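Taking it in order: structure first as structure tokens, then the write-up.
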Amino acid sequence: MSEDRSSGSSKGFFGKLAQAFSDEPKTREDILEVLYEANETGLLDQDALSIVEGAIQVTDMQVRDVMIPRSQMVSVQINQHPQEFMPLIIESAHSRFPVTGENPDEIVGILLAKDLLPYALQGNLEQFDIHNHLRKVTFIPESKRLNVLLREFRVTRNHMAVVVDEYGGIGGLITIEDVLEQIVGEIEDEHDDDEDDGNIKAFEDNGFIVKALTPIEDFNEYFDVGLPDDEFDTVGGLVTRQFGHLPDKGETVRYEQFTFTILASDNRRIRLLQVHHHKE
């Protein structure tokens, strides 16, 4: 009897689903009502329901809704030596990076991190010429719908696009992962472990990559030093004070026994530093 009831329930569900797709007018509310009922009866689990809801929602969303804004873009400059941008590539753990020209609004190509691997493994990064490894940039408007972009990503096998605003300036960037996360939810990897704060990481040549929001207390403990923390709580605040202005990427300042180089910043604050400790 229970098998008959289950069979009848399934037929009833699929009958309603077919009706929802065949009756006029077809509305999302009709479809979702059937899917919610299927979830309540156990014919559709919560994960599957969430994915369907996400897929439906994506058709109403535009690139501007989920793109990474320009201030948070991790990019490299065409005239940088690999030794200059390698710390940023390692810290971010991204696979693709926009490459800018002399003008920050000029994106001249995309650099794939994997193109650096052969040179790094062979120990001859100085032979790497970024001009020979630039990939074509895909530019898209902020108003493009996510479902259209996802289809284009699949057809072109592209994974990243640079977003331009209505005036032709760089608004940000978007990846295929950003779009998929709107459907299936947050996609986490080993670099998203909340328990690993990773504020200070050793690099090479006595160098370290330090997040600007690292508390000065933690910095002092790590390096066994006594930088003052009476005026500022973070390393970024202390370093900004030494510059006397909000520094741009690439600027360097010497303070106490440290040399600080700006690896990433936006129009509000420093985000990432390369630090060399000059031990006496």
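The values are calculated or read from the model by the stated rules, or taken from the named source; none is laboratory data. Here the structure is a predicted model, which means the values were calculated and not measured. All Cβ positions, even for glycine, are placed from backbone atoms using ideal geometry, and neighbour counts span all protein chains on display.
Only residues in the stretch 38-66 that are within 28 Å of A161 (Cα to Cα) count as the first member; pair them with residues that are surrounded by fewer than 16 Cβ atoms within 10 Å (Cβ to Cβ) and modelled with pLDDT under 80, Cβ under 7 angstrom, at least 6 apart or cross-chain, and list the lot. Note: pairs meeting the criteria are S50/G185; I51/V184; G54/V184; I56/R28. Tell me, yes or no, whether the stretch 55-69 has at least one residue that is at pLDDT below 85 and in contact with a Phe, Trp or Tyr (Cβ under 9 Å, 6 or more places away or on another chain). No: the stretch 55-69 contains no residue that is at pLDDT below 85 and in contact with a Phe, Trp or Tyr (Cβ under 9 Å, 6 or more places away or on another chain).
Are there any pairs with C-beta distances below 8 angstrom linking a residue in the stretch 107-133 that is closer than 21 Å to I174 by Cα and in contact (Cβ under 8 Å) with a residue 12 or more places away in the chain to a residue that is among the charged types (D, E, K, R) and in a loop (DSSP other than H, G, I, E, B), with the two at least 6 apart or on different chains, and if so which? That search, which allows pairs on different chains as well, returns G109/K136; I110/K136. Can you say whether I78 is more than 21 Å from R145 (Cα to Cα), in contact with a helix residue (DSSP H, G or I) (Cβ under 6 Å, 6 or more places away or on another chain) and modelled with pLDDT of 80 or more, as far as the supplied structure shows? Taking the combined requirement at face value, the residue does not satisfy it.
The rows are residues; the columns are (1) in a strand (DSSP E or B); (2) within 22 Å of the chain's Cα centre (by Cα); (3) modelled with pLDDT of 90 or more.
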{"residue": "D105", "(1), (2), (3)": "no, yes, no"}
{"residue": "E126", "(1), (2), (3)": "no, no, no"}
{"residue": "L149", "(1), (2), (3)": "no, yes, yes"}
{"residue": "F153", "(1), (2), (3)": "no, yes, yes"}
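Checked across the stretch 199-211, the condition of being in a helix (DSSP H, G or I) and modelled with pLDDT under 85 holds for no residue.
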